[in-house]
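J.: Dropping the structure in here first, questions after.
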Amino acid sequence: MVTDLRAALHEAVDDEPTGGVDVVAALAGGRHRVRRRRVLAGAGAAATVVAGVVAVLAGSAITGPDRAVAPLPAGPPPLEVRRVVEFDSAQPAPLDVLTSTRTLWRDPVHDQDTDRFVGLTDDGLAVRTRFTADGVRTEVALVDPATGRTTRLPDPDPGVGEIRAVSLTADRLVFLVGRQHYTDAVLTFDRAAGTWSQHSVSTTDEVGRFFGWQATLGTDDRVYLAGESLALRWWSTGTTEGPLVHEAGLDGRAVAWNTDERATVDQRGEVRLERGGTTQVLAERAPRGCTPPADSSTAAPPSIGFSGSMLVVLFACTEGRQIVAFDDSGSAVATLPPRAVTDLSIGAEGVLFAVGDRQDLYLFEPSTARLRTLGRHLHEEGLHTAHGLVLWNEPGPEDSDQVLDIVYTVAALP
Amino acid sequence: MARRDGDDFLDFAAAMGPRMRRTAFLLCGDWDRAGDIVQESLIRLYVAWPRLEPGPGMSSYARRTVVHVHADWARKRSSQEVVTDVLPQQQVDDATAGIPERVVLMNALAALPERQRACVVLRYYEDLGVAEVATLLGCREGTVKSQTARGIGALRRAYQRAGGDLGVDDRGPREEPAW
């Protein structure tokens, strides 16, 4: 028997208990909150006026009337960045489209099969996966975008559903497998041996959701996971064994690894670079023009990554997210104004990112401070860059309210 | 303006509150918590009341507030949980075997990531369009479609494990009182 989803959702609330919404109490609560805000706003304004008067008087007494009133001290100074690259300076970058694949769901329930590129290896191959919902089966192949040659890998175990790339190198492919009921897995393919290994990880209610957000491989060969919560809580597990362990020391920070270095940034904009047992603070605070969000639990989190030997940081600001590039010596050498950056990939080629409602794609090269517009728009999350290639997805020709049509494309950068 | 009066707010809240509570229940799976979510949502709605234009936008604002309050509280709840250093590594049994259909649905909904669950509830309980859900959740339309489809796929697999199947009746939404 087939259950209709709409009917099931409505029936699920049929036994709604009585009561539960006290509109009079809500009105009283709302009035109380409005009054409290007015009082706080008035107190804040009064405090500002008093502080301003005191500052003017103090300034007059010490330096005379011509001296401007200094702002009140507010923590460390903003990060100074050598150069600002404006968005309107972006030059078009003609892309050489090499290969694409497409997922088309005309029926929202029964069309569940996917065919997509999930990432790029650091030796320049695209990882293509085909997921078949009936039987829950995933096939994986490596595609050479230049020649179109496809090498199908041995099938992973049955029951492996849709997979997500964590680290794709010439030696090894590491994926996450999201499953039902909080049993997830790290799936690894040894390219030399041609064999899969799978490490199942049981998770709990909260951690189960962690596979939905950020995942990265540390140089300690552990997979680090942060959940859907914007507060960036981190857990890690080995690639082949071991339970999930809470990484409390990383909570609230974005993290990236590069050979023998680990870099982190927190919501306030403090950037740390750890190398050989020493820690260098590259920034104590976000750049000028970037106001750290008052409530970090509702703002887009910061991001960080290495582009070659340069460090790239996306500071979280109320104005958006601000990209800053640091050179080998730790100096902030170039930045872009804050924008609503929604998706990004940081690789040797630079920072590939999507901006704004139209999801315009840009590539920022930290080593040259050059900004290029790719003239493309992103459909859903999934940007990758490696080995002079970019991978993104766009709406297909049938895409509509009722139809999901996504085209995944790999192109070479000029 | 009369609409700004407390009586108008009470009329609006009385008309919309029950449906907001049902939506909140589908998002959080607990009637008591759903009631709390609606209380907080109505308080926020009252604070915003002078800025709201009469019309469908008020309903959209109310829905958005329910989703946001639920998400805020879910985050806060998770951050207040006692964290253990090591999680037990044990197989979790399939909770959907041999249990009533409603329990299958609620368990499967609860197992979805927050955004997939919100997409399914807003698309198939609230019967909102893709663009409206995208605006409400602050994401791309493509994301709404793929998240919705993935959520439905997970629900369908849960039904199949329990010996049933799940479909979507495309004859259109059920009749519901306006709110």
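J.: To the nearest Å, what is the center-to-center distance of the range B:100-167 and the range A:312-389, using C-alpha atoms only?
T.: 32
J.: Can you sort A:T151, A:T264 from fewest to most other Cβ atoms within 10 Å of each residue's own Cβ?
T.: Numbers: A:T151 12, A:T264 21.
Lowest count first: A:T151, A:T264.
J.: Using the Karplus equation 6.51 cos²θ - 1.76 cosθ + 1.60 (θ = phi - 60°), what ³J(HN,Hα) coupling, rounded to whole Hz, does each residue of the range A:382-387 give in order, writing x for Gly and Pro?
T.: The phi angles translate into x, 9, 9, 9, 6, 6 Hz.
J.: Starting from the amide H of A:V201, placed 1.01 Å from N in the peptide plane, find each other amide H under 5 Å away whose residue is 5 or more places distant or on another chain.
T.: A:D184, A:A185, A:V186
J.: Just the C-alpha atoms of the range A:248-328: what Rg/Rh do they give, with Rh taken as the Kirkwood radius? Can you show the working numbers first?
T.: Values: Rg = 12.1 Å, Rh = 12.7 Å.
Result for the range A:248-328 is an Rg/Rh of 0.95.
J.: In addition: At 7 Å along Cα-to-Cβ for each site, give me the label-to-label distance between A:D157 and A:D144 in nm.
T.: About 3.3 nm separates the two model spin labels.
J.: Modelled label-to-label distance, B:T135 and A:D328, 7 Å Cα→beta-carbon offset: nm?
T.: It works out to 5.2 nm between the two label points.
J.: Something else now. Quick one: dipole size for the range A:87-412, taken about the Cα centre, charges +1 on Lys/Arg Cβ and -1 on Asp/Glu Cβ, in debye to the nearest 20. Mind dumping the intermediate values first?
T.: Working: 28 positive and 47 negative charges, 103 e Å.
Dipole about the Cα centre, nearest 20: 500 debye.
J.: Quickly work out the A:D22-to-A:S367 label distance, labels modelled 7 Å from Cα along the C-beta direction, and quote it in nm with one decimal.
T.: So the label points at A:S367 and A:D22 sit 6.6 nm apart.
J.: How much FRET efficiency would the formula 1/(1 + (r/R0)^6) give for A:A170 and A:A7, where r is the Cβ-Cβ distance and R0 is 35 Å, rounded to 0.05? It would help to have the intermediate numbers written out before the result.
T.: Details: r = 52 Å, r/R0 = 1.48.
Rounded to the nearest 0.05, the efficiency is 0.10.
J.: Using the Karplus curve 6.51 cos²θ - 1.76 cosθ + 1.60 with θ = phi - 60°, what ³J(HN,Hα) values do you get for each residue of the range B:111-126, in whole Hz, with x for Gly and Pro?
T.: Per residue, the Karplus-derived 3J(HN,Hα) values read 7, 6, x, 3, 6, 5, 5, 4, 4, 5, 5, 6, 6, 10, 9, 7 Hz.
J.: Under unit Cβ charges (Lys, Arg +1; Asp, Glu -1), what dipole magnitude, rounded to 20 debye, does the range A:121-176 have relative to its Cα centre?
T.: Dipole of the range A:121-176, to the nearest 20 debye: 100 debye.
J.: May I ask you to evaluate 6.51 cos²θ - 1.76 cosθ + 1.60, the Karplus curve with θ = phi - 60°, for each residue of the range A:80-85 and list the ³J(HN,Hα) values in order in whole Hz, giving x for glycine and proline?
T.: Once rounded to whole Hz, the list reads 8, 10, 4, 9, 9, 9.
J.: While we're here: Mind checking the range A:314-414 for trypsin sites (Lys or Arg not before Pro) that DSSP puts in a loop (not H, G, I, E or B) and that have at most 16 other Cβ atoms within 10 Å? Display every interim value, and only then the final one.
T.: Working: sites: A:R321, A:R339, A:R358, A:R370, A:R372, A:R376; in loops: A:R358.
Of the trypsin sites (Lys or Arg not before Pro), the ones in loops of the range A:314-414 whose Cβ has at most 16 other Cβ atoms within 10 Å are A:R358.
J.: Can you give the extra length, in nm with one decimal, that the chain gains between A:D107 and A:R358 once fully stretched, where that is 0.36 nm per residue apart less the Cα-Cα distance? List each step's numbers first, then the result.
T.: Values: separation 251, 0.36 × 251 = 90.36 nm, distance 2.61 nm.
Working it through step by step, the gained length comes to 87.7 nm.
J.: Further, regarding this structure: Can you list residues whose amide H is under 5 Å from A:G252's amide H, if they're 5+ apart or on another chain and H is modeled 1.01 Å from N?
T.: A:R233, A:W234
J.: Roughly speaking, what is the stretch gain from A:S400 to A:S89, that is 0.36 nm per residue apart minus the C-alpha to C-alpha distance, in nm to one decimal?
T.: Values: separation 311, 0.36 × 311 = 111.96 nm, distance 3.36 nm.
Length gained, A:S400 through A:S89: 108.6 nm.
J.: May I ask you to compute the full-extension gain from A:V281 to A:T259, defined as 0.36 nm times their residue separation minus their alpha-carbon distance, rounded to one decimal in nm?
T.: Values: separation 22, 0.36 × 22 = 7.92 nm, distance 1.87 nm.
Additional length available on full extension: 6.0 nm.
Quick note: the coordinates plus some simple rules give every number you see, no bench work behind them. Just so it is clear, the structure is predicted and the values come from calculations on it, not from any experiment. Ideal geometry is used to build each Cβ from the backbone, glycine not excepted, and the neighbour counts take in all protein chains shown.
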